[in-house]
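Colleague: Questions regarding the structure given below will be posed in turn.
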Amino acid sequence: MTTISLSEATRTKLAEVSTATLTTALFKRGLRNAFLQGPQLINPGAPRLVGPAYTLRYIPSREDIDVLKTFEDREHPQRKGVEECPPGHVMVIDSRGNPRAASAGGILLTRLMKRGCAGVVTDGGFRDTPEIAAMSLPAYHQRPAAPTNLILHHAVDLNVPIACGEVGVYPGDIMVGDGEGVVCVPAYLAEEIAAETFEQTVYEDFVAEEVRGGHGLFGLYPMLDSAVKDRFATWRSAKGR
């Protein structure tokens, strides 16, 4: 299996920017459908979610196939995926937007965390959410789902193109999550997007501080006044950004 390289410089920049800023940068490039609909952060105390996608796809389960004994199979895609998702990657699960049964639970997410994965996202639900809420692995879902995945979900594929939250996610796409949700950034755009949105974030942090201080928008946002540009340069130097 080929793993996707994401430079630490790019990862660090993406961890500083909001999903709102990312969606605007993607929109400028003609990409309108990049924000996953539904998944929300379970554990606000976790680090920011940034990493290449490693995907798992579910189809509807069937009663004669999806029985508890299937978990004894070492090739079961859900269990195999947890053991093979590369460190630094994000497991992204296509649950067809159905949160009525768990896409995974606390034990599997703990295994991902211990293996060094960067997070997990599903457009379904997770079980054991009180435990997940205390974990340091960023985890996103629609809502808690106590029933086992076998009731509704049959795991069929690993590391293939999937749909998650009505967004097409390809293996290696860069997933970025914050308190609002998760954005999928095409891998070939990641470095370019990271550089642009980091600069935009620094600028908007300055603008926010100016507005809180009573400054009006004209000449500031967008930055047109030379005096404002001088203040920004001084501010940025003082902040070391």
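Laboratory data are not the source of any read-out in this text; all were calculated from the coordinates shown. All of these numbers come straight from a predicted model, not from anything done at the bench. Cβ coordinates were reconstructed from backbone atoms using ideal geometry, including for glycine residues, and neighbour counts include every protein chain displayed.
Colleague: How would the chain be classified by its alpha-carbon gyration tensor: rounded, prolate or oblate, with rounded meaning a/c under 1.5 and the a/b versus b/c comparison settling the rest? Please list the in-between numbers first.
Modeller: Details: a/c = 2.49, a/b = 2.34, b/c = 1.06.
Prolate, because a/c is 1.5 or more and a/b exceeds b/c.
Colleague: Out of the DSSP beta bridges found with both residues in the chain, what percent are antiparallel (nearest 5)? Display every interim value, and only then the final one.
Modeller: On the way: 19 of 32 bridges.
Here the share of antiparallel DSSP bridges comes out near 60 percent.
Colleague: Which of Leu152, Leu68, Leu36 ends up with the largest GNM mean-square fluctuation for the chain, with Cα atoms connected below 10 Å?
Modeller: Of Leu152, Leu68, Leu36, the Gaussian network model singles out Leu68 as fluctuating most.
Colleague: For the chain, how many pairs of lysine residues have a Cα-Cα distance under 20 Å, where the two are 8 or more positions apart or belong to different chains?
Modeller: Values: Lys13/Lys28; Lys13/Lys239; Lys69/Lys80; Lys80/Lys114; Lys229/Lys239.
Lysine pairs, 8 or more places apart or on different chains, close enough: 5.
Colleague: Which Cα, out of Gly213, His153, Ile65, lies furthest along the positive dipole direction of the chain (beta carbon charges, K/R +1, D/E -1)?
Modeller: Gly213
Colleague: Roughly how big is the stretch 193-239's charge dipole about its Cα centre, with Cβ charges of +1 (Lys, Arg) and -1 (Asp, Glu), in debye to the nearest 20? Each step should come with its number before you reach the end.
Modeller: Working: 5 positive and 8 negative charges, 30 e Å.
Dipole magnitude for the stretch 193-239 comes out near 140 debye.
Colleague: Which one, Ile193, Gln37, Ala133, projects farthest toward the positive side of the charge dipole computed for the chain from Cβ point charges (K/R +1, D/E -1)?
Modeller: Final value for the positive-end residue is Ala133.
Colleague: Let me ask something else about it. If I take R0 = 35 Å and measure r between the Cβ atoms of Arg231 and Ala163 in this structure, what FRET efficiency does the formula 1/(1 + (r/R0)^6) give, to the nearest 0.05? Numbers along the way, then the final one.
Modeller: On the way: r = 46 Å, r/R0 = 1.31.
Using R0 = 35 Å, I get an efficiency of 0.15.
Colleague: Relative contact order of the chain, please, whole-number percent, based on alpha carbon pairs below 8 angstrom and at least 6 residues apart.
Modeller: Details: 492 pairs, mean separation 67.3, N = 241.
The normalised contact order for the chain reaches 28 percent.
Colleague: Once you have a ≥ b ≥ c as the square roots of the Cα gyration tensor eigenvalues for the stretch 68-113, tell me rounded if a/c is under 1.5, and otherwise prolate or oblate according to whether a/b is larger than b/c.
Modeller: It is oblate, given that a/c is not under 1.5 and a/b is not larger than b/c.
Colleague: While we're looking at this one, here's another question. With a 10 Å cut-off between alpha carbons and a GNM built on the chain, which of His76, His141, His153 moves the most?
Modeller: Highest fluctuation among the options: His76.
Colleague: Okay, moving on. For a quick check: with amide H placed at 1.01 Å from N, whose amide H comes under 5 Å from Val167's, ignoring anything fewer than 5 positions away on the same chain?
Modeller: Gln37
Colleague: Under a 10 Å cutoff between Cα atoms, tell me which one of Val167, Val120, Val228 has the largest fluctuation in the Gaussian network model of the chain.
Modeller: Result: Val228 has the largest fluctuation of those listed.
Colleague: In deg cm²/dmol and to the nearest 500, what is the mean residue ellipticity at 222 nm of the chain if only DSSP H runs of at least 4 residues count, each as -39500 (n - 2.57), divided by the residue total? Let's see the in-between values first.
Modeller: On the way: 7 runs with 75 residues, N = 241.
Estimated from H runs of four or more residues: -9500 deg cm²/dmol.
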